[in-house]
1. Only one of these conditions is not met by T46: (1) touching a residue at least 24 places away in the same chain (Cβ under 8 Å); (2) in the same structural domain as A159 (by TED's automatic domain parsing). Which number is it?
2. Can you tell which of I77, I72 is within 30 Å of G253 (Cα to Cα) and touching a residue at least 12 places away in the same chain (Cβ under 8 Å)?
3. For segment 181-205, which residues satisfy the criterion of being closer than 21 Å to S264 by Cα and assigned to a loop (DSSP other than H, G, I, E, B)?
4. Under 7 Å between Cβ atoms, at least 6 apart or on separate chains: pull out the pairs that start in segment 13-26 with a residue that is closer than 14 Å to T52 by Cα and end on any residue that is polar (S, T, N, Q) and part of a loop (DSSP other than H, G, I, E, B).
5. In segment 206-220, what residues are touching a strand residue (DSSP E or B) at 6+ places or on another chain (Cβ under 9 Å) and either at pLDDT 95 or above or assigned to a loop (DSSP other than H, G, I, E, B) (or both)?
6. Q173 is checked against (1) surrounded by 13 or more Cβ atoms within 10 Å (Cβ to Cβ); (2) farther than 30 Å from C246 by Cα; (3) touching a helix residue (DSSP H, G or I) at 6+ places or on another chain (Cβ under 9 Å) and fails just one. What number does that condition carry?
7. Restricted to segment 377-408, and to residues that are under 14 Å from G352 (Cα atoms) and not aliphatic (A, V, I, L, M), which residue is surrounded by the most Cβ atoms within 10 Å (Cβ to Cβ)?
8. Need a quick list: strands (runs of 3 or more DSSP E) entirely within segment 96-154 having at least 2 residues that are in contact with a Lys or Arg (Cβ under 9 Å, 6 or more places away or on another chain) and either in the same structural domain as Y179 (by TED's automatic domain parsing) or under 23 Å from Y54 (Cβ atoms) (or both).
Amino acid sequence: MPDLSFNETTYNYAVEKGNQLMVNKNMVDIPLETIVTKTDNGVTKTLSKIETIYPTSIPDAQTGNFILPKSIKSQDISSSSTYFTEITLDKYDTKGNLIQYTTKEGLPVSVVWGYNSSLPIVKIEGAKYDDISTHVQNIITLSNEDANNPVKEDLLLTAEDNLRKNSILNNYQITTYTYDPLIGVTSITPSSGLREYYKYDTTNRLEKIVDVNNKILKEFNYHYASSGSTNFPNEEQSKVFTRTNCPTASTIGGTYNYIVPAGSYFSTVSTLAANQKALDDINLNGQNIANQNGPCYPIVSCPFTFSSLTNNVPYKYNGTTTTNNNVSFNVSFSAYGIWQNWADGLNIGTIGGECKPTSNKEIIYIETANRQWRVFIDTAGNCTLRLLSGTVDASSSNPINLRFEYQK
C-alpha cells in the first residue's frame with residue numbers, strides 16, 4: 001500500500017488574525033501564525049502551531065511607535081487552548097533595535113547597540129536593560145568613534161574588558177563585539193573571555209579566525225574554477241520589500257526594490273545554485289536595507305462633503321486618506337429615508353483636499369455578495385453612485401459601505 005500521509009503548512013497573516021494596525025500599514029505579507037499538520041488515513045493532526053504577536057495599536061509599551069514583534073508563542077499540541085511563550089521581545093530603542101528580550105526560561109537578555117546604533121556590541125545575559133544602561137554609555141561612545149576611525153578599536157576593546165570586570169555585573173554572562181562596519185565583525189569575546197579575532201583579505205573576504213596569540217582557529221580558502229571548468233554566475237535577482245519601521249502612526253512605509261546584480265555570486269555546480277546564493281542574500285539583507293533606505297510617506301486625511309441627499313441621514317462617516325498619490329476611499333452612510341432610484345445614479349457628496357483625482361475615475365465596486373456599484377468621481381471630486389445589481393432598503397438603517405482605492 002502506498003503511503004498516503006502528507007504534511008501541510010498553513011500561514012495566517014494580518015488579515016486572517018484581525019490585526020487592523022498592520023493591515024492599515026500594508027504589512028500584510030508577514031506570517032503571524034504558522035500551523036503544521038499531518039494527515040494520515042484521512043485523519044488530520046496538528047504537529048505545531050507558532051504565533052508571532054505584534055502590537056494592535058501604537059504607541060505600545062514594548063515596541064514604542066514601531067510595529068515590531070512583541071513575543072513568539074507556541075501551542076501545546078496536547079491542549080488546543082494552552083500556549084507557551086518561547087521568547088518575549090521586551091524593549092526596542094528609538095531606532096527599532098531590540099535592546100531587551102526574555103527567554104522561555106524567564107532569563108532577561110540585554111543587547112547594547114553601537115556604531116551609531118547600527119550593530120550590537122554587547123550582550124548581557126541575566127540583566128534588564130534599565131539596570132545596565134548607565135554602565136555602557138562609554139562603550140557606545142567609543143564604538144561610534146571606532147566607526148569613524150578604525151585605529152581606535154583598541155580603546156573600545158579595553159572598555160569592553162573593563163565592563164566585564166565591573167563588580168556590579170559579576171553575576172551576568174557578557175559577550176562583546178567589535179566591527180569594521182563596512183566589512184564585518186573583527187572580534188568576539190564570549191563570557192569565558194577567550195577572544196577571537198576575525199581577519200579579512202584585501203577584497204574584504206573573511207580569511208581566518210585567530211586567538212589572542214594569533215593561532216589560527218579556522219581558515220577560509222577561496223578557489224576559483226580553472227579554465228577547464230565552468231564557473232556559473234548568478235542571474236539578476238530582486239525582491240520588493242515594504243519598509244516596516246516608519247517612526248510614527250501618521251506615516252506608512254513605501255516599497256524598496258532590493259537587487260542582487262548578475263555576476264555577484266558564482267557556483268561551479270549550476271546557474272541555479274548561483275541564483276540561490278543571490279536569493280539567500282535577499283532573504284538575509286533585503287528587509288533590513290528596505291528599513292534603512294525605503295521611503296516613509298505621510299498619511300493625509302481628506303475631507304468629504306456629503307450632498308443634500310446624504311447629509312441628513314442618521315449615520316455617516318468619512319475616513320478617506322491618501323498616501324503617495326494612492327487614495328484609500330472610505331465613506332459610509334445610512335440609506336434610511338433615501339427613496340430615490342439608486343439605479344439612476346445619485347450624487348452622494350464631494351471628496352476634497354489631496355484626494356481629488358487628476359482625471360475622472362470610474363470604479364466598479366462589489367460591496368456585498370449581492371450588491372454592486374458603479375462609482376464615478378470627476379476631477380472636481382463629485383461622487384456619483386449608481387446601483388448595478390442588488391437592492392437598497394430605504395426603510396433600513398443598514399449603511400452603504402464604500403471602501404476602495406484609486407490612483408490620484
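The values are calculated or read from the model by the stated rules, or taken from the named source; none is laboratory data. Bear in mind the structure is a predicted one, so any value in this text is a computation, not a measurement. Cβ placement follows ideal geometry from the backbone for every residue including glycine, while neighbour counts extend to all protein chains displayed.
1. (2)
2. Numbers: I77 fails: within 30 Å of G253 (Cα to Cα).
Answer to the selection: I72.
3. Of all residues in segment 181-205, those closer than 21 Å to S264 by Cα come to 181-184, 200-205.
Scanning segment 181-205 gives P181, L182, I183, D201, T202, T203, N204, R205.
4. Going by the 7 Å Cβ cut-off, the qualifying pairs are N19/T56.
5. If the condition is that a residue be touching a strand residue (DSSP E or B) at 6+ places or on another chain (Cβ under 9 Å) and either at pLDDT 95 or above or assigned to a loop (DSSP other than H, G, I, E, B) (or both), then D211, V212, N214, F220 are the ones that fit.
6. The single condition Q173 does not satisfy is (3).
7. Initial filter on segment 377-408 (under 14 Å from G352 (Cα atoms)): 377-383, 408.
Then drop every residue that is not not aliphatic (A, V, I, L, M), which leaves 378-379, 381-383, 408.
On the way: D378: 15, T379: 11, G381: 18, N382: 17, C383: 23, K408: 14.
Checking each candidate, the answer is C383.
8. Correct list: 98-103, 108-114.
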